[in-house]
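Everything on this sheet refers to the single structure shown next.
The values are calculated or read from the model by the stated rules, or taken from the named source; none is laboratory data. Just so it is clear, the model here is predicted, and its values are computed rather than measured. Cβ atoms come from the backbone with ideal geometry, glycine included; neighbour counts cover every protein chain shown.
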Amino acid sequence: MRLPIQIEAILFKKTDGEIQYLLLKRIPPSGEFWQPITGGLEEGETIMEALKREIREETGIENIIRIIDDVHYFELRNLPFIEYLKKLGQTCVYLKEYVFVVEVALGEVVDLDTEEHSEYRWCGFEDALGLLKWRENKVALKKLNEILS
């Protein structure tokens, strides 16, 4: 059973002194928007276990260099997002989301879960910010960029 708690993992890697962020594009039935890795906490699972599971399930990545936690936290109670969750079969009226930053090795290969996402892209801060749909994803990315700068 999924709990009304979500994790968001913003993956990044350093390429020639530049930071690249990983974004995933949702499949058409799920809205076709770009976002970081997100997923729900399952019953009996810790937040850190959910974080690593979601990264592995959505990208196949297991080689994590470091995790920065407590970057951002928010609660979603707005109607558009709750309606979106209902379309996905979730029945909650609010959602708590914890944002983590995850550094991965430069040569890490993405094995995309095509049941959830149609494509992925490594991009710089400005490009990533422009692709993101949800305000809170943008706030989290801005906070992360400040931490890494």
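Residues being at pLDDT 95 or above and in a helix (DSSP H, G or I): count how many of those fall in the stretch 108-141. The number of residues fulfilling the criteria is 7. Would you point out the residue of the stretch 11-47, among those that are in a loop (DSSP other than H, G, I, E, B) and free of Cβ contacts under 8 Å to residues at least 40 places away in the same chain, that is surrounded by the most Cβ atoms within 10 Å (Cβ to Cβ)? My answer is Glu45.
For the stretch 113-126, which residues satisfy the criterion of being over 19 Å from Gly40 (Cβ atoms) and surrounded by 15 or more Cβ atoms within 10 Å (Cβ to Cβ)? Scanning the stretch 113-126 gives Tyr120, Arg121, Trp122, Cys123, Phe125.
The single condition among (1) under 19 Å from Ser118 (Cβ atoms); (2) surrounded by 13 or more Cβ atoms within 10 Å (Cβ to Cβ) that Ala50 does not meet is (1). Within the stretch 86-107, residues that are closer than 13 Å to Asp70 by Cα and assigned to a helix (DSSP H, G or I) reach no partner that is at pLDDT 85 or above and hydroxyl-bearing (Ser, Thr, Tyr) with beta carbons closer than 7 Å at six or more positions or on different chains.
Quick check, is Glu8 at pLDDT below 95, surrounded by 16 or more Cβ atoms within 10 Å (Cβ to Cβ) and closer than 17 Å to Leu148 by Cβ? Yes; evaluated as a whole, the condition is true for this residue.
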